[in-house]
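Written below as structure tokens is the structure these notes are about.
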Amino acid sequence: MTKKHQKNDLIVNVRPEILEIQETIIETRRDIHKYPELGFEVHRTAGIVSDRLNSFGIDVQTGIGKTGVVGTLQGGKDGSTIALRADMDALPIQETSDIPYKSVHDGIMHACGHDGHTAMLLGAAEIISKFQDTLNGTVKFIFQPAEEGEGGARFMIEDGCLDGVDEIYGIHVWSYQKYGTIGVKEGPILAAADAFTITIEGKGGHGAAPQGTVDAIVVASHLVTALQTIVSRNTNPLESTALTVGKISGGHNFNIIADTVELKGTARAYSEENRQMIKKRLNEIIEGVGSTYGAKIEMDYWDGYPPTVNHKVPVEKLVRSAGKIVGEGVGFPYLSMGGEDFSYYTQKIPGCFFFVGSSHPDQKPMSVPHHCSHFNIDERALLVGSSIYVQLIEDLLIK
Ligand SMILES: [Zn+2]
Ligand SMILES: [Zn+2]
């Protein structure tokens, strides 16, 4: 018996055990939302996670990847080891929504939904722990810090969180998709997310006497325009890349020729090949523009997360299990040029990262984007996510 919600023709079958604990899941999410923590400093959140996992009788290791938590539930019989992963960290953003569980920490909020990821995995862990004796294998519950920029996943892997794990699955709530839909596909699903800072050194002077100067603003203008050709002219149009110069700073006043300008930007690609091509073209264009205008241009390039690439077999398994929860809502082939450190896990072992639609059916999907100060989710998405985790473990480890 499952309860059915019907909204916009999508039928969602939340697992009955999850419906029984839905208040706990939502309260947990709101509690974590109210007390958000950044990066590796997720001490309170990790404390809640380890206390709860302990209370379910799951073996708990803390301090993995600095402040991460790994719960291990060994079943009654031998079999595969399946890992389920949530991230716990928030963002340095001031929350502007007036909700009862609004962040009490100034300048910090859960604007990406990681509070929901933690709550839904705890909900699933509570139910899965009750199946322990019937499990043919082991479930690892991975709660990591520092997804937003510092690559907490790498530290978790270094501390052995993937040891003995056969497959890994992870969820992102997704406000660009409606509640009741699941975005998943084989191959790349999120991009490599690199960043760069370019410094242009020209030669300043009087705005009325440009001769003999090297105007760093003119050089920067040519450079920004030339960089746009990497995506438009150097990339195969059937493959996606993105290059954005998001910040430009320099100059002194209206009548002074600028001596230095700094540009900051990001480069995104779905393949390592395109990622390397972008980096190479950046260097070539910088060199060319610099010599053309007589400016000294230097670049600091920061390698961010690699592309998140899903493996065929775990995707097929996920689609089958998620289909039992959201029916035709599964398989929405969503791609994003965003980056995710889940990519480090699927570089090591087979895995599948998928998006759980969290936009309210009455809302335009783009109206509450991630990383914005009024970000929020349709909390029913948490029940969908927990249900899919439970269904997946039942399908994979209970024959
Ligand atoms: Zn984020
Ligand atoms: Zn995120």
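Stretching the chain fully between Thr24 and Thr134 yields a gain of 37.1 nm (0.36 nm per residue, less the alpha carbon separation). May I ask for the angle, rounded to the nearest 10°, between helix 43-55 and the longest principal axis of the chain, with both axes built from Cα atoms and the value confined to 0 to 90°? Roughly 20 degrees, rounded to the nearest 10. Size of segment 302-399 from its Cα atoms: along the principal axes, largest to smallest, the extents are 44, 39, 19 Å. Using 1/(1 + (r/R0)^6) with R0 = 35 angstrom and r between the beta carbons of Ala209 and Thr244, what's the FRET efficiency to the nearest 0.05? Calculated transfer efficiency: 0.50. In segment 192-305, a dipole from Cβ-located charges (positive for Lys and Arg, negative for Asp and Glu) runs towards its positive end, and of Ala226, Leu263, Gly250 it is Ala226 whose Cα lies farthest in that direction. Remark on Ala86: its backbone amide H falls under 5 Å from those of Ile142, Phe143, Gln144, a criterion applied only to residues 5 or more positions apart or on other chains, H modelled at 1.01 Å from N. Look at the alpha carbon pairs under 8 Å that are at least 6 residues apart: their mean separation over the length of the chain gives a relative contact order of 24 percent. Relative to the longest principal axis of the Cα atoms of the chain, the long axis of helix 312-326 makes an angle of roughly 60 degrees. Among Asp163, Asp87, sorting on how many other beta-carbon atoms sit within 10 Å of each Cβ, with the fewest leading, yields Asp163, Asp87. Simple rule: put +1 on each Lys or Arg Cβ and -1 on each Asp or Glu Cβ in the chain, find the dipole, and look at Gly304, Leu238, Gly39; the Cα lying farthest toward the positive end is Leu238.
One equal scatterer on each Cα of the chain, no solvent, Debye formula: the resulting log10 I(q)/I(0) at q = 0.07, 0.09 Å⁻¹ is -0.37, -0.58. Here the Karplus curve 6.51 cos²θ - 1.76 cosθ + 1.60, taken at θ = phi - 60°, turns the phi angles of segment 125-134 into couplings of 4, 4, 6, 4, 4, 6, 8, 2, 5, 8 Hz, with x standing for Gly and Pro. Helices in the chain, meaning DSSP H runs of at least 4 residues, each add -39500 (n - 2.57). Divided by all residues, the mean residue ellipticity at 222 nm is -10000 deg cm²/dmol. Across the cross-link table entries Lys66/Lys130; Lys324/Lys399; Lys185/Lys324; Lys34/Lys317; Lys34/Lys324; Lys66/Lys140, which are compared at the Cα atoms, the separations over 24 Å belong to Lys66/Lys130; Lys34/Lys317; Lys34/Lys324. Taking the number of Cβ atoms within 10 Å of each Cβ as an exposure proxy, the fewest-first ranking of Asp31, Asp78, Asp341 is Asp78, Asp31, Asp341. Inter-part distance, segment 188-215 to segment 261-289, computed on C-alpha centroids, equals 14 Å. Each Cα pair of segment 192-305 feeds into the Kirkwood radius, which the Stokes-Einstein equation turns, at 10 °C and 1.306 mPa s, into a diffusion coefficient of 109 µm²/s.
With q set to 0.14 Å⁻¹, the log10 of I(q)/I(0) for segment 79-193, from the Debye formula over equal scatterers at the Cα positions, is -0.74.
Once both labels are positioned 7 Å from their Cα atoms along Cα-to-Cβ, the gap between Asp78 and Leu335 label points is 4.2 nm.
Relative to the dominant Cα principal axis of the chain, helix 216-229 is inclined by about 50°.
For Lys399 and Thr62, what is the calculated FRET efficiency with R₀ set at 22 Å and r taken between the beta-carbons, to the nearest 0.05? So the FRET efficiency works out to roughly 0.10.
Each Cα pair under 8 Å and six or more residues apart adds its separation to the average, and for segment 192-305 the resulting relative contact order is 44 percent. For the chain, the dipole from Cβ point charges (+1 on Lys and Arg, -1 on Asp and Glu) about the Cα centre works out to 860 debye, to the nearest 20. Would you work out the Kirkwood radius for segment 220-369? I mean one over the mean of 1/r across all pairs of different Cα atoms, in Å. Answer for segment 220-369: a Kirkwood hydrodynamic radius of 18.7 Å. Here the peptides 267-275, 95-103, 47-55 are ranked by packing, the mean other Cβ count within 10 Å, and the order with the highest first is 267-275, 47-55, 95-103. Modelled spin labels at Met366 and Lys312, positioned 7 Å past Cα toward Cβ, are 3.5 nm from each other. From the largest down, segment 266-332 spans 63, 19, 15 angstrom on the principal axes of its Cα atoms.
Here, each number is a calculation from the coordinates, and none is a lab measurement. This one's a predicted model, so the numbers in the text were calculated from it and none came from an experiment. We place every Cβ from the backbone using ideal geometry, glycine too, and count neighbours over all the protein chains shown.
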